[in-house]
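See structure below.
Since every read-out is calculated from the coordinates, none of them should be taken as a lab result. Since this is a predicted model, take the numbers as computed values, not measurements. All Cβ positions, glycine included, derive from the backbone under ideal geometry; neighbour counts span all protein chains shown.
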Amino acid sequence: MTAAPLHPEVPRISLLGTSALLFEAPGPLDIGQQRRIWALASLTQGWPHIQEAVPGMNNLMLVFSTPPENLAPMQAALQTAWDDTNRMENDGHAPGRTVELPVVYGGAAGPHIADVVAYTKLTVDEIVRIHTEPLYVVYALGSHPGYCYLGGMDPRIATPRRKVPVVNLPGGSVSIGGIQTGVSASDGPSGWSTIGRTDMSFFDAQCIPPAVLAPGDRVRFTVQRIDR
Amino acid sequence: MIEIVSAGALCTVQDFGRMAYRRYGVGTAGAMDQLALAAGNLLMGNPLDAAGLEIPVLPFAVRFQDDLSITVTGADCRIELDGKPLLPWWKHRARAGQVLTLGSDGCGFASGARSYLLVAGGVDVPEVLGSRSTQLRGRFGGHQGRALINGDLLKAGVLTSASKLSCEGYGLVPPVVALPASAYYQANPTATPQVTAVRVLPAAEYGAFDDVSIQLFWQTDWKITAQSDRYGYRLAGPALSMKTALETRSHGVVPGVIQVPPGGPPIIQMRDAQPSGGYPKMGTVIEADLWRLAQAPAGSRIRFVETTYTGALEASRCASDYLRKVDHLVPLFGALNA
């Protein structure tokens, strides 16, 4: 048996027991592929046997309502649907909204910004400038209710995950983990380094849909204040 | 109403879980032993997926404020109603004012790891996002989004017509007897302690582990560590390694997925697991065997048994057949005894 190549050329379809099927797009992590994943999610959401289509980072989990007896037809249909997403006209109009999130950087709001300074050798001002520059794209939601996986962070401020996770990071924490950044939507454990805090509320279980942001939305962090 | 007299720890309201909100980051939650919940509900004349109480720590006690049909399923423990012993997996009548105790006098679980208290009509907490299960991380669902504490009052649901008709005095053959693991795993009869065998379907990165690790995966009696809960079971045993490090991207995961963090022993995702993850996956404990895992206590050992998709479907059919039999027989006994 050989190891899977880093970026397979063709989509990979695998099973998660009898509960779900995982479709992984080929190639490096990229927004173009992610748009096709979103399209594939909306195409497959209504299929028979499918309870829910759950986008990930350039992949899609299809959770079964009842597992199909024979997987081959679903796998073939999935491949065809994926090819169709490539042929879909790109009208140049990206869907989704843009949300501005004012952030208090550093101080009590960003207790680990010193670790990012130490690792990146940048100043707090440079880190804040680099972090607030991009228009981040919500690739997918996961981890905990309302949490967004964002794409587009500048790798210059990438900081490895913490050796010892923080037991209870407060909701609203803006943090960096590896080459990703995100905002925790509720209190909980995290292995990421917290650089700031926002007041935005991302999730309300009493609303449908319960999450405020959706895949395709864009997030811009703005400087509310820098505490030193 | 049901009054929580002694909550133990981590007792939560659970049904089958929140099924269609993973794409908003919401894990399913839901009963760890769904077969115990479902069978108990059928015995009560409830819908399969009515909410009940999951009790992972003893002692536990409730006082009933009304007359109610009740049953305790799942793990075996000492069950008493006002000091009188009760059979598990059996339909009983509790009278207003009576106290039900699980694990009195410091007795722990005799076998298994979680008991379920089901009542006729179900535990009536508000449905949130299509489920009554407690979402601990999101702090919603269940009773006020948290584990129960002493003094909590829970409403028992409106009696369904089936449960009104039937009376008490009959019970179920538990799944551990009806669906023995000996059907797919021949345990060494002299082996102590007992090993819980669960069937596993290999997952995407299975072939990316080195041959020694793959052998170890199937041949180790993995120990369930004390760092195991509704979120996940951390196992102790040999470290498993990959032929080459893989780029990991966050993707959807389901309960049962066996993740292998770099250089570490496996972690099995359980019902409170987050709906996404990025560690390499060795396999998935099949849905039909998750109840066995739910009843394997910390400190005990488990063994992974390889299966196929067809084998996993057959296992699900066996569990469904068991429930269908229960569903068919319960009303007959109810009518006989009426």
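Quick notes on this one:
- Per-residue Cβ neighbour counts within 10 Å put B:Leu81, B:Leu117, B:Leu336 in the sequence B:Leu336, B:Leu81, B:Leu117, beginning with the fewest.
- Centroid-to-centroid separation of segment A:149-207 and segment B:263-285 [C-alpha atoms, Å]: 21
- Inter-chain neighbour count for A:53-63: the average number of beta-carbon atoms from partner chains within 10 Å of each residue's beta-carbon is 6.
- FRET efficiency for the pair A:Arg162 and B:Glu127, taken as 1/(1 + (r/R0)^6) with r the Cβ-Cβ distance and R0 = 35 Å, rounds to 0.40.
- Per-pair calculated FRET efficiency, R0 = 60 Å: A:Tyr119 and A:Glu69 via Cβ, rounded to 0.05: 0.70
- The GluC sites (Glu not before Pro) of segment A:18-73 that meet both conditions, a loop assignment by DSSP and at most 12 other Cβ atoms within 10 Å of the site Cβ, are A:Glu69.
- At full extension, B:Ala96 and B:Ala335 could sit 83.6 nm farther apart than now, given 0.36 nm per residue minus the alpha carbon distance.
- Cα-based Kirkwood hydrodynamic radius, segment A:12-87, one decimal, Å: 12.3
- Neighbouring partner chain Cβ atoms per residue of B:13-20, average, 10 Å criterion: 2
- The mean sequence separation of alpha-carbon pairs under 8 Å and at least six residues apart, normalised by the residue count of chain B, gives a relative contact order of 21 percent.
- Cα gyration tensor shape of chain B, rounded if a/c is under 1.5, else prolate or oblate by comparing a/b with b/c: prolate
- Selected from A:Ser42, A:Gly27, A:Gln79, residue furthest toward positive end of dipole (segment A:12-87; charges at beta carbon): A:Gly27
- The count of lysine pairs in the protein assembly as shown with alpha-carbon distances below 18 Å, taking only pairs 8 or more places apart or on different chains, stands at 4.
- Selected from B:Glu287, B:Glu314, B:Glu80 as most flexible by GNM, with chain B as the system and alpha-carbon contacts under 10 Å: B:Glu314
- Per-residue mean of foreign Cβ neighbours for A:197-204 is 1 (Cβ atoms of other chains, 10 Å radius).
- Average Cα contact separation per residue, segment B:2-175, under 8 Å, 6 or more apart, as relative contact order %: 31
- Legend: P(r) of the protein assembly as shown from all alpha carbon pair distances, 10 Å bins from 0, whole percents, reading 3, 17, 26, 25, 17, 9, 2, 0.
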